[in-house]
Amino acid sequence: FQVRGKLYELIVNCIPPELIFRSLVAALVPKLDNELKYETIQHAAHYEHKMQQGSKPIFHLEAFVAKFMATYKAWLCKI
């Protein structure tokens with residue numbers, strides 16, 4: 001719930017959703033290993049593209065964050 005609130009707050013304050021995507025990815029990628037970097041960038045590109053086609057950016061931002069969290073959890077369980 002906190003993630004959605006923060007994303008919504010950014011959108012309400014006129015921060016472009018594309019900038020939010022790029023900032024999230026830029027903050028996440030340096031902290032990941034190569035396997036996760038590739039997957040994260042791939043998912044970000046997918047959801048950003050879907051966002052361009054859709055009308056509600058919050059849904060696509062949330063979907064990206066949820067996908068990243070699931071991917072990261074799976075990676076942690078694999079270690």
For the chain: accessible area per residue (Å², 1.4 Å): 71 Å²
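Return the carbon/sulfur percentage of the accessible area of the chain, one whole number, probe 1.4 Å, all protein chains in place.
On the way: 3520 of 5650 Å².
Roughly 62 percent of what the probe reaches on the chain is carbon or sulfur.
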Tilt relative to the chain, helix 17-28 - C-alpha long axis, 0 to 90 degrees, to 10: 20 degrees
In Å, descending, principal axis extents of the Cα set of the chain: 39, 24, 19
Estimated 222 nm signal from helices in the chain, with DSSP H stretches of n ≥ 4 weighted -39500 (n - 2.57), rounded to 500: -27500 deg cm²/dmol
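The values are calculated or read from the model by the stated rules, or taken from the named source; none is laboratory data. The model shown is predicted, which means the values in this text are computed figures rather than measured ones. SASA here: full protein model, heavy atoms, side chains in, ligands and nucleic acids out. Shrake-Rupley method; radii C 1.70, N 1.55, O 1.52, S 1.80 Å.
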